[in-house]
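Step one of this worksheet: look at the structure below.
The values are calculated or read from the model by the stated rules, or taken from the named source; none is laboratory data. These numbers come from a predicted model, not from an experiment. Heads up: the accessible areas ignore ligands, DNA and RNA and are worked out on the full protein's heavy atoms, side chains in. Shrake-Rupley method; radii C 1.70, N 1.55, O 1.52, S 1.80 Å.
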Amino acid sequence: MHPPKHETFDLRARTNTDPKGIVRAVDAYVVQPWGLYVARPTPGRPQFHYLESWLLPSLGLRATVFHFNPGHERDQDYYLDVGEYTPGADVWNAEDHYLDLVVRTSRGAELTDVDELVEATRHGLLAPDVAEHAVQRAVHAVDGLARHDYDLDAWLAGNGMSLTWR
């Protein structure tokens, strides 16, 4: 069992330090009052070559679109990570809280990695109140998505968050 993954997003340096400490160049950062957009290549990843993410602190979500390489496509439109996303003037920080949602527009959302959240909590890697908050965030997201026919953009637009993607 691994501890929660941490990432940093350095707006000035235009870098993203991933959970393994690897610093990657970022093509674009866009700051909005409700979130941070990140677009960057993913060198060395056989499954995908590019990713775009929106960090949404008030919802405790990171919404990602993966640009898959041929032969590695997945049946998903968006991938949502549940966690804590902390804005800063120059640096944003992220802590992943294990739970993920796979969103298929107009078809549904699948909650994954519940077992990881339970194990991390049982081993003291995540405080019980943090784990409970993660579950609440995931339930809120599934409820919002269901109320908007599993359309992430429509749900977020209803919350004043207009996402743009490349």
Any residue on another chain or 5+ positions along whose placed amide H is under 5 Å from the amide H of LEU126 is listed here as THR121
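Tell me the mean residue ellipticity at 222 nm calculated for the chain from its helices only (DSSP H runs of n ≥ 4, each -39500 (n - 2.57), averaged over every residue, nearest 500). Before the final figure, lay out the partial values.
Numbers: 3 runs with 35 residues, N = 166.
When only DSSP H runs of four or more count, the value is -6500 deg cm²/dmol.
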Cα extents of the chain per principal axis, largest first, Å, are 37, 37, 35
Per-residue accessible area, 1.4 Å probe, largest first, puts MET161, MET1 in the order MET1, MET161
Sequence order, the range 105-112: Karplus ³J(HN,Hα) from phi using 6.51 cos²θ - 1.76 cosθ + 1.60, θ = phi - 60°, Hz rounded, Gly and Pro as x, gives 3, 6, 10, x, 9, 10, 7, 10
Per the C-alpha gyration tensor (a ≥ b ≥ c, the square roots of its eigenvalues), the range 84-166 is rounded if a/c is under 1.5, else prolate if a/b beats b/c, else oblate; here it's oblate
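By the gyration tensor of its Cα atoms, with a ≥ b ≥ c the square roots of the eigenvalues, what is the shape of the range 13-108: rounded for a/c under 1.5, prolate for a/b over b/c, or oblate?
Values: a/c = 1.78, a/b = 1.18, b/c = 1.51.
Note, shape of the range 13-108 comes out oblate.
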Candidates ASN69, ASN93, ASN16; GNM for the chain (alpha-carbon contacts under 10 Å) flags as most fluctuating ASN69
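With the full set of protein chains in place, find how many percent of the accessible area of the range 1-156 is carbon and sulfur; take the probe as 1.4 Å. Let's see the in-between values first.
On the way: 4080 of 7710 Å².
Accessible surface attributable to carbon and sulfur in the range 1-156 totals 53 percent.
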Expected field for TRP34, accessible surface area in Å² at 1.4 Å probe radius, rounded to 10, holds 50 Å²
Counting only protein heavy atoms and rolling a 1.4 Å probe, one gets per residue an accessible area for the chain in Å² of 51 Å²
